[in-house]
Amino acid sequence: MPHNKNRDSKNQDRNLEILKHLQKPIVMLGMMGTGKTTIGRAIAKILGLEFLDTDKKIEEKAGLTTPEIFSQFGEKKFREVEAKIITELLNQDKKRVIATGGGAVVNTESLAYIKNKTLSVWLNTDLENLYKRVSKNKNRPLLQTENPKKTLKNLMDDRKHFYEQADIHVQMKQDCIISAADHVLEHLHMYLKDKI
Ligand code: S3P
């Protein structure tokens, strides 16, 4: 994006307003591959907030990678640890940005915490885009199936009604991280301004 002084200062004012009105942690929701971690981290940096990723926290706690946790202990155990970490982090009531794993919303308690204690942002994108992104790496144990695209579609269909409960819905089209982060910040700003 070319440098534009006027736009930069407008964005700075917008970001300051977001910070002024933000009362809760911002939580990124959405399917694997939507960019929750990358965009969440970029937003946190722009706003000067701490950034946390629940998948990373789970891996640190277990001393294992996500695929190792799934293969050694199963999805159920992963979900238990995920829910515990989400409730612990949200009970700290800190203003920061948290990226969750795509399946975090299926746990009833986690979803209730997210709805009560956060400003939740659903990053949504279409199946083709998602598939293009997730097929680049093998880190998603749930997609190690005969037909990963179909699995992805089924997961999307099953989870849509959970993601729809987020406060803010953002349709992601941008490949560039800066434009994507800016797009999400615009949505956050609009939402918070409406609440004043
Ligand atoms: C999962 C998504 C992953 C990770 C785990 C399960 C899911 O996180 O939590 O592989 O159920 O959708 P990302 O959404 O960050 O890839």
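No value in this document is a laboratory result; all are computed from the given coordinates. These figures come from a predicted structure and were not determined experimentally. Neighbour counts are summed over all protein chains in view; Cβ atoms, including those assigned to glycine, are modelled from backbone coordinates with ideal geometry.
Amide H of GLY102 versus every other amide H placed in the peptide plane: which residues, excluding those fewer than 5 positions away on the same chain, fall under 5 Å?
Residues meeting the criterion, in which the H sits 1.01 Å from N, are MET32.
Using the Kyte-Doolittle scale, which helices in the chain average at least -0.5 and also have C-alpha atoms spread 20 Å or more along the helix axis, with helices defined as whole DSSP H runs?
66-91, 177-195
How large is ³J(HN,Hα) for each residue in the stretch 136-145, as worked out from phi by the Karplus curve 6.51 cos²θ - 1.76 cosθ + 1.60 (θ = phi - 60°), to whole Hz, x for Gly and Pro?
Per-residue couplings from phi come out as 6, 9, 9, 7, 9, x, 5, 9, 7, 10 Hz.
State the extension gain, in nm to one decimal, for the chain segment bounded by GLU80 and ARG7, taking 0.36 nm per residue of separation less the distance between their alpha-carbons.
Here the answer is 21.8 nm.
Quickly rank 63-74, 96-107 as a protection proxy: mean count of other C-beta atoms within 10 Å, highest first.
96-107, 63-74
Excluding GLN174 itself, calculate the net charge of residues whose Cβ lies under 12 Å from the Cβ of GLN174, where each Lys or Arg counts +1 and each Asp or Glu counts -1.
Neighbourhood net charge equals -2.
Over the stretch 48-196, what number does the Rg to Rh ratio reach, with both radii from the alpha-carbon atoms and Rh per Kirkwood?
0.95
With a ≥ b ≥ c the root eigenvalues of the C-alpha gyration tensor of the stretch 101-184, is it rounded (a/c under 1.5), prolate (a/b larger than b/c) or oblate?
oblate
Please report the base-10 log of the normalised intensity I(q)/I(0) for the stretch 16-79, using a Debye sum with one equal scatterer per alpha carbon and no solvent, at each q in 0.13 (1/Å).
Result of the Debye calculation: -0.47.
Obtain the nm distance between the two label points defined at LYS61 and LYS160 by a simple spin-label model: each point lies 7 Å from its Cα along the Cα-to-C-beta direction.
The modelled label-to-label distance comes out at 3.1 nm.
Two decimals is fine: what's Rg over Rh for the stretch 63-128, C-alpha atoms, Kirkwood radius as Rh?
1.00
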